[in-house]
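To start, the structure itself, in structure tokens.
Read-outs: derived from the displayed coordinates by stated rules, not from any lab. The structure displayed is predicted, hence computed values, not measured ones. We place every Cβ from the backbone using ideal geometry, glycine too, and count neighbours over all the protein chains shown.
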Amino acid sequence: MSRADARTYDLDALRDRVAGESGGSVDDSIPQLAQADPSLCGMALVLADGTTRTSAQADVAFSIQSAVKPFLFALAILDTGGRALDRIGIEPTGESFDAIKLESGTGRPPNPMVNAGALLTAALVDGGDVRGRDERIWRGLCAFAGRELDVDEDVAHSEHLLGDRNHALAHLMRAEGTLEVGADDAVAVYARACAVLVDADALAAMGATLACGGRNPLTGERVVPPEVARDVVAVMATCGVYDGSGRWMRSVGVPAKSSVSGAIVMSVPGVLGGAVVSPPLDDQGTSVRGHLACEALSADLDLHVFGSL
Ligand code: GLN
């Protein structure tokens, strides 16, 4: 098979191939995530020409969690006219997503794909206050997805209340002078962004919009300029799977972002966006079935960026 076969690719067959994998454990950082169905497994692809492929359960809703980070980064670059790129590092950390650590010397978050970076990108978008930034982010995410998305207010509340490490990171960035808005406000906006509800189908469309240079292939809307999409996809490739980014790049070879809800979003430049959701996670917070599925998909459709070697 090759990339051309994506138009007819059988995602239910891929789902069957990984469904028997029982490794990993469901995140328990908030009650709503702890209650996730460990057997959930949904997959979707959205191609550059708008062709959409889905598996069973591609329409099951889940909170986007850290899969929102590439899109927050995109909106922050856009809304600051590029200044966000000076405010946040772009180097991989080799540490977990919620490590209480900033770049030495600068006090900047290490990159936009870990929590410190996403707290800052969520604070840099337009909007003026918490409500305004919530609204701006929600509208931006809807444009990436090409449809109206819901927000799980209970998840937003739990994330805000129980996200002690995020509060610690926000205070640390205040102390360093990197975060200009109030620490609690920054956590509130980030928590609500993590609580936006998507399904595999919507998340694949979001990945496809980045893969298509910032233009949504379903609606035709230009959400961000190509140079913004390129910056975001480059950082997904190097930092998107946290301290598992190297292993991911070797085995799957596609820019991607993982999340604690068990979602993975992929962007294959010029070709497609993809999403898999399956809640049991490995030690690095990556969906176990999701990783297997993405590896098989990449091999089947010849998606690995270094696949010609
Ligand atoms: N909301 C989660 C947090 O900030 C997101 C983390 C993730 O998905 N890796 O802890």
- Task: Could you state the angle between the C-alpha long axis of helix 164-176 and the longest principal axis of the C-alpha atoms of the chain, as a value from 0 to 90 degrees rounded to the nearest 10?
- Result: 50 degrees
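Looking at the chain, identify the longest residue range that excludes and avoids all GluC sites (Glu not before Pro) in DSSP loops having at most 16 other Cβ atoms within 10 Å.
On the way: sites that count: E21, E95, E148, E180, E221.
Longest site-free region, per DSSP loop and neighbour criteria: 222-309.
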- Query: If you line up the long axis of helix 69-79 against the longest principal axis of the chain, both from Cα atoms, how many degrees apart are they, to the nearest 10?
  - Reply: 60 degrees
- Task: Could you work out the Kirkwood radius for the stretch 75-202, taking every pair of different alpha carbons, averaging 1/r and inverting it, reported in Å?
- Result: 14.8 Å
- Normalised Cα Rg of the chain, dividing by 2.2 N^0.38 Å with N its residue count, works out at 0.90
- Could you give the angle, 0 to 90 degrees to the nearest 10, between helix 183-194's Cα long axis and the longest principal axis of the Cα atoms of the chain? 10 degrees
- Under the rule of -39500 (n - 2.57) per DSSP H run of 4 or more residues, summed and divided by the residues of the chain, what mean residue ellipticity at 222 nm is obtained, to the nearest 500 deg cm²/dmol? -13000 deg cm²/dmol
- Item | Projected-area mean, the stretch 40-115, by convex hull of Cα positions, square nanometres | 7.4 nm²
- Task: For the stretch 17-27, just list the computed ³J(HN,Hα) in residue order, Karplus coefficients 6.51, -1.76 and 1.60, θ = phi - 60°, integers in Hz, with x standing in for Gly and Pro.
- Result: 5, 9, 4, x, 5, 10, x, x, 9, 6, 4
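From the Cα gyration tensor of the stretch 118-184, with a ≥ b ≥ c the square roots of its eigenvalues, which class applies: rounded if a/c is under 1.5, or else prolate if a/b is larger than b/c, or else oblate? Spell out each step's value before the answer.
Details: a/c = 2.54, a/b = 1.50, b/c = 1.70.
Oblate, since a/c reaches 1.5 and b/c is not below a/b.
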- Message: Between R3 and L218, how high is the FRET efficiency from 1/(1 + (r/R0)^6) when r is the Cβ-Cβ distance and R₀ = 25 Å? Nearest 0.05.
- Response: 0.85
- Note on the structure: Amide H proximity to V151 below 5 Å, modelled H, separation 5+ or other chain, gives L197
- Jot down the radius of gyration and Dmax of the stretch 165-309, Cα atoms only, both in angstrom. 16.3, 49
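Rg to Rh for the stretch 157-225: what is it, with Cα atoms only and Rh by Kirkwood? Write out the running numbers ahead of the final one.
On the way: Rg = 16.1 Å, Rh = 14.1 Å.
That ratio is 1.14, to two decimals.
Over all directions, what mean area does the Cα convex hull of the stretch 225-309 project, stated in square nanometres? Walk me through the intermediate numbers first.
Values: hull surface 21.2 nm².
Projected area, direction-averaged: 5.3 nm².
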